[in-house]
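Peer 1: Here it is, the structure in full.
Throughout, read-outs are computed from the coordinates displayed, never taken from laboratory work. Since the model is a prediction, treat every value here as computed from it, not as a measurement. Note that we place each Cβ from the backbone using ideal geometry, even for glycine, and neighbour counts take in every protein chain shown.
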Amino acid sequence: MALDPAILADVTAVIVRTLGIEDRAATLTAATPLFGAMPELDSLAVLELVTQLEARFGIAIDDEDITGEVFETVGSLAQYVQQSVAAKG
């Protein structure tokens with residue numbers, strides 16, 4: 001499934017707002033690394049980001065889905081959100 005640019009933009013906006021990195025918003029792309037590469041994304045920030053994504057997209061993110069693979073890049077996180085939205089119907 002190709003990544004929907006609107007979902008990518010919305011996920012990016014949630015990341016920027018949640019982590020308070022408005023000054024770097026323009027530099028984020030689907031390939032931007034997240035977990036382990038972004039100092040603002042610590043364990044508490046991950047939980048806040050999950051909460052914000054759930055609220056924004058009306059999805060539930062299972063604890064077992066909070067993995068390094070899902071949070072590897074902005075694009076991998078957006079792809080996960082897109083699949084969750086599609087599965088929700």
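Peer 1: Ala31 to Val85: extension gain in nm, 0.36 nm per residue of separation minus the Cα-Cα distance?
Peer 2: Between Ala31 and Val85, full extension yields an extra 17.3 nm.
Peer 1: Tell me, which longest segment in the chain has none of the GluC sites (Glu not before Pro) that fall in DSSP loops with at most 14 further Cβ atoms within 10 Å?
Peer 2: Longest gap between qualifying sites, sites excluded: 1-39.
Peer 1: Just to be sure I understand the rule: take each whole DSSP H helix in the chain, project its Cα atoms onto its long axis, keep it if the span is 20 Å or more and its mean Kyte-Doolittle hydropathy is at least 0.5. Which ones pass?
Peer 2: 5-19, 43-57
Peer 1: Follow-up. Arrange the following residues from fewest to most other Cβ atoms within 10 Å of their Cβ: Met1, Met38.
Peer 2: Met1, Met38
Peer 1: Same structure, new question: For a quick check: sort Leu19, Leu77 by the number of other beta carbons within 10 angstrom, fewest at the front.
Peer 2: Going from sparsest to densest Cβ surroundings: Leu19, Leu77.
Peer 1: Please state, as a whole number in µm²/s, the translational diffusion coefficient that the Stokes-Einstein equation yields for the chain at 10 °C and 1.306 mPa s, with Rh defined as the Kirkwood radius across alpha carbon pairs.
Peer 2: Diffusion coefficient, whole number: 123 µm²/s.
Peer 1: How large is the helix-only mean residue ellipticity at 222 nm for the chain, computed as the sum of -39500 (n - 2.57) over DSSP H runs with n ≥ 4, divided by its residue count, in deg cm²/dmol to the nearest 500?
Peer 2: It comes out at -16500 deg cm²/dmol, rounded to the nearest 500.
Peer 1: Starting from 0.36 nm per residue, how many nanometres of slack lie between Leu47 and Ala9 once their C-alpha separation is accounted for?
Peer 2: Additional length available on full extension: 11.7 nm.
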